[in-house]
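Notes to accompany the following structure.
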Amino acid sequence: MNIHEYQAKEIFRAHGVPIPPGEVARTPEQAEEIAARYGKAVMVKAQVHAGGRGKAGGVKFCKTPAEAREKAAAILGMQIKGLTVEQVLVTEAADIASEAYVGIIVDRATKKPVFMVSAAGGIDIEEVAATTPEKILYVPVDVRYGLRSYQAMQMGFFLHEDVKRARAAARIMGQLYEAFMASGASLAEINPLVLTPEGELIAVDGKMVIDDNELDRRPEIEALRDDSSEEPSEVEARLANLTFIKLEGNVGCVVNGAGLAMATMDLVKYYGGEPANFLDIGGSSNPEKVVNALRIITSDPSVKAILFNIFGGITRTDDVANGIVTATKQNPLKVPIVIRLTGTNEEIAVKILEDNGFAAMTDMDAAVQKAVQLATTGGAR
């Protein structure tokens with residue numbers, strides 16, 4: 001689950017991270033009022049779950065309250081990667097002497113939280129990792145003991161030669177780690193961690209991604225979810241208990257099981273196509289899941305062909321077949337569909353489909369190839 005910058009900063013602030021004052025505005029007038037209270041230059045920043053806000057024009061420096069109102073008016077309602085900006089963060093602008101990057105991720109290889117710190121802050125850390133990896137220090141943390149003082153100081157000195165600044169940076173590392181662990185996060189980052197001309201360290205931006213598996217234990221964190229800033233199809237899928245991620249391709253994929261879903265997407269790309277989504281209906285034999293899955297996929301105008309790839313273990317393929325029939329009767333398809341079914345009750349499923357004018361395949365490669373071809377050239381099912 002993504003949360004907004006202002007929400008991440010509130011969590012960071014609660015754990016002691018130095019954060020400049022800031023408030024959320026939903027109208028240009030509110031932005032002007034907030035800027036007037038601060039009485040100094042401010043940043044007006046779009047609050048939306050999408051990267052590249054600055055490049056899209058969603059982050060603006062404002063010298064006066066009137067300028068804050070003007071910039072907020074331009075940002076509110078803006079589309080950034082398909083999402084509408086409905087609120088902005090108005091926060092005090094900071095004088096910058098230097099910038100650094102500080103982040104924590106859950107690393108699957110080490111099975112630990114790993115700090116990444118770099119003096120090359122303020123730009124995409126992915127770009128730094130690709131072009132100048134020596135500028136990043138990686139420090140894994142053993143959760144049994146937490147972040148040790150020597151690890152924090154190691155990172156502090158990696159960013160600053162001055163002892164006082166290194167200690168201040170180390171203190172912020174510890175506070176960020178506490179926020180990360182207390183929130184069930186899979187990512188927490190400060191980019192940039194700014195050094196002011198006066199020698200203070202301030203986190204002027206913040207980002208957090210929360211592990212969905214942690215939300216049942218942390219209702220106060222789940223309450224931060226903002227459905228209006230998420231992809232509508234992903235919200236609908238979540239409410240239908242489907243695992244769904246929208247992608248940029250044109251082959252809509254409906255698969256049972258995350259491993260099979262990944263293999264299916266790999267094959268789509270191998271045969272020259274691009275998956276339009278990751279959609280896992282799971283191991284349930286509930287036909288309603290199939291109905292919901294098809295409704296979500298067919299609502300995406302970029303989908304030019306639909307691929308069902310079902311391996312029936314716990315999942316009964318006849319229930320999937322009934323779901324396909326029910327869904328297509330409720331909403332007739334406007335794009336071709338390719339169905340590959342194998343496993344539990346396969347013979348029954350094939351008959352259900354054939355009785356309703358569908359053909360079923362058993363070979364995964366052949367099904368993927370056909371779906372990619374149909375997505376490229378079009379055609380009837």
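The values are calculated or read from the model by the stated rules, or taken from the named source; none is laboratory data. Because the structure is a prediction, the values reported are computed rather than measured. As a convention, Cβ positions derive from the backbone with ideal geometry for all residues, glycine included, and neighbour counts pool all protein chains shown. Just so you know, the surface numbers come from the protein's heavy atoms only, side chains and all, with ligands and any DNA or RNA stripped out. Shrake-Rupley method; radii C 1.70, N 1.55, O 1.52, S 1.80 Å.
Miscellaneous remarks
- Reach of K207 by Cα under 24 Å, taken over lysines that are not fewer than 8 positions away in the same chain: K9, K45, K55, K60, K71, K81, K111, K112, K135, K246
- Here the chain yields Rg over Rh of 1.06, to two decimals, using C-alpha coordinates and the Kirkwood radius.
- For the chain: accessible area per residue (Å², 1.4 Å): 47 Å²
- Heavy-atom accessible surface of the chain: percent carbon and sulfur, 1.4 Å: 51 percent
- Two-site FRET efficiency, Q79 against T362, from Cβ-Cβ distance with R₀ of 51 Å, rounded to 0.05: 0.70
- Efficiency of FRET between L215 and S149 - r from beta-carbon atoms, R0 35 angstrom, step 0.05: 0.65
- Applying both filters, DSSP loop and at most 13 other Cβ atoms within 10 Å, to the GluC sites (Glu not before Pro) of the stretch 195-246 gives E198.
- For the stretch 272-381: relative contact order, % (alpha-carbon pairs under 8 angstrom, 6 or more apart): 31 percent
- For G343, the residues whose modelled amide H falls within less than 5 Å of its own, excluding neighbours fewer than 5 places apart on the same chain, are G312.
- The calculated pair-distance distribution of the stretch 253-381 uses every alpha carbon pair, bins of 5 angstrom beginning at 0, and gives 2, 12, 24, 27, 23, 11, 2 percent.
- For K112, the amide hydrogen comes within under 5 Å of the amide hydrogens of D107, counting only partners 5 or more places away or on other chains and with H modelled in the peptide plane.
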